[in-house]
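Down below is the structure, laid out as structure tokens.
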Amino acid sequence: MRQTDMLKAPIRSVFFSYLAPSVSATLVTSIYILADTMMIGRGVGASGIAALNLLLPLYSAYYGFGMMCGVGGSVLFGFSRGKGDEEAAKGYFTTALLLAVLLAAASIGLCAAFFDPLLILLGDTPSLNPYSVPYGRVLVAGSPVFVFSSFLQAFVRNDGAPKLAMAGVISGGVTNVILDYVFIFPLGQGMAGAALATVMGTCLTVLILCTHFFSKENHLKLAGGFSLKRAFAVASNGLASFILEMSGGFVTFIFNRQLLAYVGETGVVVYSIISNAALVVKSISNGIAQAAQPLISTNYGAGEHGRVGEARSLGIRISLFAGVLFTAIGLLFPVPLSYLFLDPSDEVLSMAVPAIRLYFIAFIPAAWNIMCGTYFQAVVKPQLALANTLLRGIILNSLFVFLLPVFFGVEGIWVTVAVSEALTAAVVFWFMKKETN
């Protein structure tokens with residue numbers, strides 16, 4: 001999409017031209033994990049799903065590194081282009097790319113060197129170890145492609161090629177689903193096969209995204225080398241995205257540990273159902289927010305504040321509609337959601353139904369929080385974006401997941417996210433009032 005379209009075309013038409021590609025890209029990324037969960041549930045069993053859920057924080061870390069460099073750098077890239085400073089835009093891309101390379105190297109090096117202690121930290125048990133080790137080793141070996149997948153998605157989308165970003169992620173997701181089936185069922189590769197399918201699908205996504213560099217419309221050029229000042233700016237502006245992605249893994253980690261303490265491995269199996277459904281919802285909410293982000297950042301850089309407000313308002317309305325819809329699905333259809341991932345035992349189903357209903361209440365305030373956090377990033381207010389993410393992702397969840405079960409038992413664990421999101425939404429509303437007045 002041309003720069004003039006961002007600055008002159010009707011906001012609604014530009015937003016909706018980005019909406020489907022952005023949501024598709026973020027949604028299909030979550031399908032990588034969903035496909036693994038469904039295939040493992042049917043081909044390996046409940047223990048395989050529980051082991052996969054223990055390893056989800058690693059996915060969050062790898063994608064989080066890519067998001068930090070990609071979203072943080074691409075917002076500054078779009079902001080600079082909106083001001084007409086092409087050299088600064090190239091400098092931010094170059095620095096963000098080199099920072100992503102460094103983090104990808106650190107990911108594979110450290111996780112491979114400390115693999116066994118890492119599994120223990122994540123909550124691995126003797127009964128789950130035969131499932132977590134083969135999946136985890138392949139996942140760690142493929143960690144750089146996860147970093148570059150989320151990094152390139154952000155930059156390609158911000159450089160006016162949202163359809164290419166969508167094509168890349170959809171192609172990788174479809175490949176992952178097909179290979180999941182082939183590796184798990186005909187070839188009998190179990191957990192290692194599921195992880196290998198995910199790595200190979202993500203590799204295809206990265207390769208397709210890289211074709212943008214050969215396009216005539218490409219503005220992602222290397223210039224200026226690595227700059228510590230720009231690296232700090234990229235990391236600062238992208239830190240909220242990193243913490244947002246990492247918070248999902250962190251919440252999974254502390255929930256798994258609490259559920260193992262309160263109800264054992266059955267609780268982890270139930271939580272794997274909920275966390276996978278929540279992953280889809282979070283992906284769609286992120287996609288809606290990311291559809292508005294290039295519009296907001298480019299027009300903010302150009303001083304078009306009326307268009308910024310229009311894009312923000314539209315993004316919030318669509319986000320809240322989606323949040324209400326997902327909450328209604330959880331309240332009305334908890335049993336079909338459970339059967340979507342595995343053939344649950346009576347014990348699993350009796351725990352899953354109330355758990356899903358309690359947890360899904362969180363999706364309405366979460367939709368608001370995600371959209372507002374993206375807005376703060378897009379207008380280069382990283383402190384507000386970071387405060388939003390820290391509250392909803394780490395601080396309040398960490399407090400309530402230990403406090404509420406003391407009074408309400410396991411139900412206190414299931415309602416933790418809803419309480420955290422609602423309190424954060426109230427704080428963010430105050431931030432927005434101050435920002436827009």
Members of the stretch 302-320 that are over 17 Å from Tyr18 (Cβ atoms) and in a helix (DSSP H, G or I): His305, Gly306, Gly309, Leu320
Qualifying residue in the stretch 283-293 (condition: surrounded by fewer than 23 Cβ atoms within 10 Å (Cβ to Cβ) and either at pLDDT 85 or above or not hydrophobic (A, V, I, L, M, F, W, C) (or both)): yes
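Give Ala50, Ala46 a once-over and let me know the one that is touching a residue at least 60 places away in the same chain (Cβ under 8 Å), open to solvent by 40 Å² or more (accessible area, probe 1.4 Å) and under 30 Å from Asp343 (Cβ atoms).
After applying the criteria, what remains is Ala46.
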Inter-residue pairs, beta-carbon under 8 Å, first closer than 16 Å to Ser30 by Cα and in a helix (DSSP H, G or I) and in the stretch 152-173, second among the small types (Gly, Ala, Ser) and open to solvent by 20 Å² or more (accessible area, probe 1.4 Å), 6+ apart: Met166/Ala20; Met166/Ser24; Val169/Ser24; Ile170/Ser24
Qualifying helices (runs of 4 or more DSSP H) (wholly inside the stretch 326-437; at least 2 residues being open to solvent by less than 40 Å² (accessible area, probe 1.4 Å) and closer than 26 Å to Phe15 by Cα): 363-378, 382-390, 416-436
Residue identified as of a type in the set (Val, Ile, Thr) and closer than 26 Å to Leu386 by Cα among Val348, Val324: Val324
Residue identified as among the aromatic types (Phe, Trp, Tyr), open to solvent by less than 20 Å² (accessible area, probe 1.4 Å), more than 14 Å from Phe155 (Cα to Cα) and at pLDDT 80 or above among Tyr32, Tyr59: Tyr59
Unmet criterion (only one of (1) closer than 26 Å to Asp36 by Cβ; (2) within 22 Å of the chain's Cα centre (by Cα); (3) surrounded by 21 or more Cβ atoms within 10 Å (Cβ to Cβ)) for Leu259: (2)
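State whether the residues of the stretch 102-116 include one that is under 19 Å from Asn237 (Cβ atoms), in a helix (DSSP H, G or I) and open to solvent by less than 40 Å² (accessible area, probe 1.4 Å).
Here is the first cut: in the stretch 102-116, the residues under 19 Å from Asn237 (Cβ atoms) are 102-103.
From the residues that got through so far, the ones that are in a helix (DSSP H, G or I) too are 102-103.
Right, trim to open to solvent by less than 40 Å² (accessible area, probe 1.4 Å) and you get 103.
Checked against the condition, which is being under 19 Å from Asn237 (Cβ atoms), in a helix (DSSP H, G or I) and open to solvent by less than 40 Å² (accessible area, probe 1.4 Å), the stretch 102-116 yields at least one hit.
Test Leu244 against the criterion of being under 30 Å from Gly393 (Cα atoms) and among the aliphatic types (A, V, I, L, M), and give yes or no. If you could, list the steps in order and put the result at the bottom.
Details: under 30 Å from Gly393 (Cα atoms): yes; among the aliphatic types (A, V, I, L, M): yes.
So Leu244 fits the description; yes.
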Conditions (1) under 22 Å from the mean Cα position of the chain (by Cα); (2) surrounded by fewer than 21 Cβ atoms within 10 Å (Cβ to Cβ): number failed by Pro126: (1)
Selection within the stretch 301-321 - closer than 16 Å to Gly287 by Cα, surrounded by fewer than 22 Cβ atoms within 10 Å (Cβ to Cβ) and of a type outside the set (S, T, N, Q): Leu314, Ile316, Arg317, Ile318, Leu320, Phe321
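Could you please find all residues in the stretch 145-169 being over 16 Å from the mean Cα position of the chain (by Cα), modelled with pLDDT of 85 or more and open to solvent by 10 Å² or more (accessible area, probe 1.4 Å)? It would help to see each step written out before you state the result.
Residues of the stretch 145-169 that are over 16 Å from the mean Cα position of the chain (by Cα), as a first pass: 156, 158-164, 167-168.
Subsequent filtering for residues that are modelled with pLDDT of 85 or more retains 156, 164, 167-168.
The answer is Leu164, Ala167.
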Any hit, the stretch 211-223, residues being surrounded by fewer than 22 Cβ atoms within 10 Å (Cβ to Cβ) and of a type in the set (Val, Ile, Thr): yes
Any chance Leu204 is closer than 23 Å to Leu34 by Cβ and in contact (Cβ under 8 Å) with a residue 12 or more places away in the chain: yes
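I need a count of the residues in the stretch 209-238 that are of a type in the set (Val, Ile, Thr) and under 20 Å from the mean Cα position of the chain (by Cα). Walk me through it before giving the result.
At the first step, the residues of the stretch 209-238 found to be of a type in the set (Val, Ile, Thr) are 211, 234.
Cutting the leftovers down to under 20 Å from the mean Cα position of the chain (by Cα) gives us 234.
Qualifying residue count for the region: 1.
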Single condition Gly409 does not satisfy, out of (1) on the phi > 0 side of the Ramachandran plot; (2) within 20 Å of the chain's Cα centre (by Cα): (2)
Given (1) under 29 Å from Cys210 (Cα atoms); (2) among the small types (Gly, Ala, Ser); (3) at pLDDT 90 or above, index of the condition Gly172 fails: (3)
Residues of the stretch 175-210 that turn out to be within 25 Å of Arg42 (Cα to Cα) and open to solvent by 60 Å² or more (accessible area, probe 1.4 Å), as a count: 8
Single match in Gly188, Gly201 (criterion: over 30 Å from Ala362 (Cα atoms) and outside any helix (DSSP H, G or I)): Gly188
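The values are calculated or read from the model by the stated rules, or taken from the named source; none is laboratory data. Owing to the predicted nature of the structure, the values given are computational and were not obtained by experimental measurement. FYI the Cβ positions are ideal-geometry reconstructions off the backbone, even for glycines, and counts take in every protein chain you see. We work out accessible area using only protein heavy atoms, side chains counted, and drop any ligands, DNA or RNA first. Shrake-Rupley method; radii C 1.70, N 1.55, O 1.52, S 1.80 Å.
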